[in-house]
Amino acid sequence: MDEIINKVANSSLEVFDLEDYYPTGIRSQIDISKWLFEGFLLKEKDFRETLKNQDWSQYQNHYVAIFCSTQAIFPAWATILITVYLSPYAKKVVVGDLTDLDTALYQSILPNLDYSDYKDKSVIIKGCSKKPVPESAYILAVQYLQPEAKSIMYGEACSAVPIYKRSKVQS
């Protein structure tokens, strides 16, 4: 019987796994509509009083996304004011949903990585993850990897999809 050889393990492919850079920590969402009159109308005095009486310490060391589940139109200062209250406690605050939050986290992490290990190598950006890595993180990652890598694929080594190959003129 022939020996089974793991060609993937023996290949020169470098795996870039965004999950390796996924920041640990609690992610929370704040729905601003709960502080609006009937979920739609911002009454400034009531809004300010509600924020003043809120227990913001519950967001200690959280990553927080502020969003509105209704079609309410409210002034920009409303989310800014919420951020003022959150800032002493939260690790990061964004306006949007949890995907926007994770996008912002990756936007602060990926530019600071050293991509020189991928110089002139074939790279696979790992596609399957157990953590909610947003598509925008993959878009950003490929922009940093492309100047370094000889080629870039997406997915898993057994079924990777080629997405970039440096032309011989660029070498």
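The amide H of V93, built 1.01 Å from its N in the peptide plane, has V64 as neighbours under 5 Å, considering only residues 5 or more places off or on other chains. Using C-alpha pairs under 8 Å with a sequence gap of at least 6, the mean separation divided by the residue count of the chain gives a relative contact order of 24 percent. Compared with the direct C-alpha span, the chain from Q143 to Y89 gains 16.1 nm at full extension, assuming 0.36 nm per residue.
Charged neighbours of Y118, selected by a Cβ distance under 13 Å, balance to -2 (K, R count +1; D, E count -1).
Proximity of backbone amide H atoms, modeled 1.01 Å from N, is registered between I30 and A65, I66, F67 at under 5 Å, excluding neighbours fewer than 5 places apart on the same chain.
With both residues required to sit in the chain, DSSP beta bridges show an antiparallel share near 25%. Distances between placed amide hydrogens fall under 5 Å for I124 paired with E14, V15, F16, M153, all partners being 5 or more residues away or on another chain.
For the chain, a crude dipole built from +1 on the beta carbon of Lys and Arg and -1 on the beta carbon of Asp and Glu, taken about the Cα centre, is about 320 debye to the nearest 20. Each 5 Å bin, from zero up to the one with the longest distance, holds this percent of the alpha carbon pairs of the chain: 1, 7, 14, 15, 13, 10, 9, 8, 7, 6, 4, 2, 1, 1, 0, 0, 0.
Show me the chymotrypsin sites (Phe, Trp or Tyr not before Pro) within region 5-106 that DSSP assigns to loop and that have at most 13 other Cβ atoms within 10 Å of their Cβ. Can you show the working numbers first?
Numbers: sites: F16, Y21, W35, F37, F40, F47, W56, Y59, Y63, F67, W77, Y85, Y89, Y106; in loops: F40, Y89.
Loop-located and lightly packed - F40.
Cβ-Cβ distance of S57 and K165, R₀ of 45 Å, FRET efficiency by 1/(1 + (r/R0)^6): the value works out to about 0.30.
Treating r as the C-beta distance of K121 and F37 and R0 as 45 Å, the FRET efficiency rounds to 0.20.
Each of Q71, N112, V93 was placed along the dipole of region 16-171 (beta-carbon charges, centred on the mean Cα), and the one lying farthest toward the positive end is N112. For region 126-171, the list of GluC sites (Glu not before Pro) that fall in a loop by DSSP and count at most 15 other C-beta atoms within 10 angstrom reads E156.
Principal axis extents of the C-alpha atoms in region 42-122 (largest first, rounded to whole Å): 60, 28, 17.
Scalar couplings 3J(HN,Hα) for region 93-99, obtained by applying the Karplus form with A = 6.51, B = -1.76, C = 1.60 to θ = phi - 60°, are 10, 9, 9, x, 9, 5, 5 Hz; x denotes Gly and Pro.
Leaving ligands, DNA and RNA out of it, report the carbon-plus-sulfur percent of the accessible area of region 16-171 at a 1.4 Å probe.
C and S atoms contribute 52 percent here.
Rounded to the nearest angstrom and ordered from largest down, what semi-axes does the equivalent ellipsoid of region 69-165 get from its C-alpha gyration tensor (root of 5λ)? Kindly include the intermediate steps, with their values, before the conclusion.
On the way: eigenvalues 246, 46, 24 Å².
Here the semi-axes work out to 35, 15, 11 Å.
In region 9-112, which GluC sites (Glu not before Pro) fall in coil by DSSP and have 10 or fewer other Cβ atoms within 10 Å? Don't skip to the end; give the middle numbers.
On the way: sites: E14, E19, E38, E44, E49; in loops: E38.
Answer by residue number: E38.
Scalar couplings 3J(HN,Hα) for region 28-41, obtained by applying the Karplus form with A = 6.51, B = -1.76, C = 1.60 to θ = phi - 60°, are 10, 10, 10, 8, 4, 4, 5, 9, 9, 4, 6, x, 10, 10 Hz; x denotes Gly and Pro.
The values are calculated or read from the model by the stated rules, or taken from the named source; none is laboratory data. Everything numeric here is computed off the predicted structure, so don't read it as measured data. FYI the Cβ positions are ideal-geometry reconstructions off the backbone, even for glycines, and counts take in every protein chain you see. For accessibility, only protein heavy atoms count, side chains too; no ligands or nucleic acids. Shrake-Rupley method; radii C 1.70, N 1.55, O 1.52, S 1.80 Å.
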